[in-house]
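> One structure is given below, represented as structure tokens, and several questions about it will come after.
The values are calculated or read from the model by the stated rules, or taken from the named source; none is laboratory data. This structure is a prediction, so every number in the text was calculated from the model and none was measured. Backbone-built Cβ (ideal geometry, glycine too); neighbour counts: all protein chains shown. The protein model used for the area step is the full one, side chains on, heavy atoms only, and it has no ligands, DNA or RNA in it. Shrake-Rupley method; radii C 1.70, N 1.55, O 1.52, S 1.80 Å.
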Amino acid sequence: MDDVRYEAFRKDVFERMWTELAPFEDRIEREEQIPYAEVNPIITDLGLWGLMVPEEYGGLGLTVSQYLPILSELSKIHGGIRVVLHVHNSNAHALSVIGSEEQRRAVLPGVAAGTMSVAFALTEPDFGTGADLGSTAVRHGDEYVLNGHKHLISNSDFASHFIYFAKTDPDAGELGVSAFLVERGTSGFDIEPLPHTMGCKGGEHGRITATDVRVPARNLLGQEGQGVAQLEETLELSRVLVAASSLGTAERALELAVEHSRTRITFGKPLAQRQAVQRYIAEMAQDVYALKLMLGDCARKWDAGRRIPAEASMTKNFGLEAVGRVTDRALLTFGGVGYTRAHSIERLYRDARLNWLEEGTPTIQNMVVARAFVGGHTLGDAS
Ligand SMILES: Cc1cc2nc3c(=O)[nH]c(=O)nc-3n(C[C@H](O)[C@H](O)[C@H](O)COP(=O)(O)OP(=O)(O)OC[C@H]3O[C@@H](n4cnc5c(N)ncnc54)[C@H](O)[C@@H]3O)c2cc1C
């Protein structure tokens with residue numbers, strides 16, 4: 001999207017997200033579900049389902065630099081709506097990278113319109129991730145037969161398709177993992193909800209049991225054995241997007257803490273005039289600023305066509321630490337009322353904690369970063 005059109009689009013979306021989506025905050029927190037019948041038409045009208053879908057498939061085809069501010073703003077408004085749209089757009093991007101032209105044509109126009117959605121089914125209850133999978137896919141003629149268990153799979157309540165990772169060769173380590181596109185409703189593919197989450201209320205992250213699920217061989221994504229490379233490539237961008245969510249949550253927590261510090265009077269003075277509180281504010285602002293700069297560097301490099309595994313993982317890690325510190329300090333600035341549901345700070349604090357886990361824990365990010373630098377990675381023109 002060209003700069004002029006984007007600026008008008010961004011302005012309109014920001015305004016309407018605050019006037020039309022933000023009012024659902026209390027209800028989603030209370031009911032622990034998103035009232036899709038009312039929220040869907042707004043999301044569709046704003047074009048949010050298709051933000052990361054390439055234009056040729058009916059989406060808006062935003063660059064990462066254009067997408068990040070919108071995702072950050074959504075994180076301010078509500079973590080649950082953010083997680084649903086983040087997962088939807090990230091997985092649309094994943095399919096546009098690893099899917100064939102036929103697979104993209106079949107699914108992406110529906111994804112852009114919000115009538116279809118892709119979920120990413122990697123994590124398993126009884127195994128690790130990446131090459132350590134218990135799910136298997138065995139070829140029989142023109143079909144693969146899938147068996148296994150997955151859990152914590154976001155958007156499993158409404159996704160129409162699942163990118164399902166399974167072992168096609170259990171003895172080949174990382175080269176034995178492959179990805180398949182499985183349609184919801186395929187016989188033997190059972191989906192159940194998991195208990196509600198701590199924050200980001202309304203997003204659902206279900207459990208999948210695959211029992212002799214037969215999928216046509218053409219549903220293999222890429223080639224057999226490419227699964228680990230595919231998930232590394234797609235998670236790379238997704239980690240930057242999680243960091244953008246951390247930024248939005250942190251920025252909102254800072255805004256609310258500053259506002260509260262101006263109006264709450266103790267011992268005859270606003271909190272904002274107390275050095276201890278000023279220090280919280282300065283440290284929060286410093287975290288927000290640093291994260292913003294790191295995200296800007298990632299976005300510029302990605303939009304220039306570069307792979308950024310180390311930058312993405314460092315930014316994801318810094319983002320979760322930053323939003324952790326910022327929401328801690330914002331809560332302290334609010335004092336006791338911050339712990340009640342009277343203020344959004346309580347929700348932001350809980351929403352932020354998901355960012356530790358999405359797209360891999362800090363341990364995994366550190367492994368990616370160390371591997372890159374030991375392998376000769378440099379930060380190049382970070383500015
Ligand atoms: C709300 C939510 C939504 C999610 N959505 C999705 C989704 O859509 N798709 C999907 O596939 N997954 C999803 N996940 C799963 C998420 O990616 C994982 O929870 C996360 O990557 C951690 O993996 P795990 O839960 O298997 O933890 P575990 O692997 O059990 O790890 C537990 C702890 O041990 C550490 N650890 C584990 N193995 C090692 C090791 N070998 N060496 C050192 N330390 C280790 C970890 O770093 C972690 O601190 C979601 C999770 C949540 C909470």
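> Take the conditions surrounded by fewer than 15 Cβ atoms within 10 Å (Cβ to Cβ) and modelled with pLDDT under 95 and apply them to Asp2. Does it pass?
Answer is yes for this residue.
> Mind listing whichever residues of the stretch 135-194 are acidic (Asp, Glu), over 20 Å from Val84 (Cα atoms) and open to solvent by 70 Å² or more (accessible area, probe 1.4 Å)?
Within the stretch 135-194, Asp142, Asp171, Glu174, Asp190 qualify.
> Right, something else. Working only within the stretch 316-348, note down all residues that are within 16 Å of the ligand (Cβ to nearest atom) and open to solvent by 70 Å² or more (accessible area, probe 1.4 Å).
Listed by number, the list holds a single entry, Glu321.
> Something else: Among the residues that make up the stretch 275-285, is at least one of them touching a Ser or Thr at 6+ places or on another chain (Cβ under 9 Å) and open to solvent by 40 Å² or more (accessible area, probe 1.4 Å)?
Yes; the residues of the stretch 275-285 include at least one that is touching a Ser or Thr at 6+ places or on another chain (Cβ under 9 Å) and open to solvent by 40 Å² or more (accessible area, probe 1.4 Å).
> Kindly list, by first and then second residue, each pair from a residue in the stretch 108-127 that is within 18 Å of Leu231 (Cβ to Cβ) to a residue that is near the ligand (Cβ under 8 Å from one of its atoms) and basic (Lys, Arg), limited to pairs with Cβ atoms under 7 Å and residues at least 6 apart or on different chains.
If the second residue must be near the ligand (Cβ under 8 Å from one of its atoms) and basic (Lys, Arg), the pairs left are Ala121/Lys150; Thr123/Lys150; Glu124/Lys150.
> Look at the stretch 93-107 and say how many of its residues are assigned to a helix (DSSP H, G or I), open to solvent by less than 50 Å² (accessible area, probe 1.4 Å), touching a residue at least 60 places away in the same chain (Cβ under 8 Å) and out of contact with any Phe, Trp or Tyr (no Cβ under 7 Å at 6 or more places or on another chain).
Total meeting the criteria: 5.
> What residue, among those in the stretch 110-133 that are touching a His at 6+ places or on another chain (Cβ under 7 Å) and part of a loop (DSSP other than H, G, I, E, B), is farthest from the ligand (Cβ to nearest atom)?
Met116
> Mind checking which pairs have a first residue in the stretch 251-264 that is in the same structural domain as Leu331 (by TED's automatic domain parsing) and a second that is crowded, with 16+ Cβ neighbours inside 10 Å and of a type in the set (Phe, Trp, Tyr), Cβ under 6 Å, 6 or more apart or different chains?
Within 6 Å, the pairs are His260/Phe334.
> Additional query: Out of the residues in the stretch 155-180 that are away from the ligand (no atom under 16 Å from the Cβ) and of a type in the set (A, V, I, L, M, F, W, C), state the one that is farthest from the chain's Cα centre (by Cα).
Per the criteria, the residue is Ala172.
> Also, I was wondering about something else. Which residues, counting only those in the stretch 134-154, are within 21 Å of Val215 (Cα to Cα) and within 13 Å of the ligand (Cβ to nearest atom)?
Of everything in the stretch 134-154, those that are within 21 Å of Val215 (Cα to Cα) and within 13 Å of the ligand (Cβ to nearest atom) turn out to be Gly134, Ser135, Gly148, His149, Lys150, His151, Ile153.
> Can you pull out the residues in the stretch 198-230 that are within 24 Å of Ser75 (Cβ to Cβ) and buried (at least 17 other Cβ atoms within 10 Å of the Cβ)?
Gly199, Cys200, Lys201, Gly202, Gly203, Glu204, His205, Gly206
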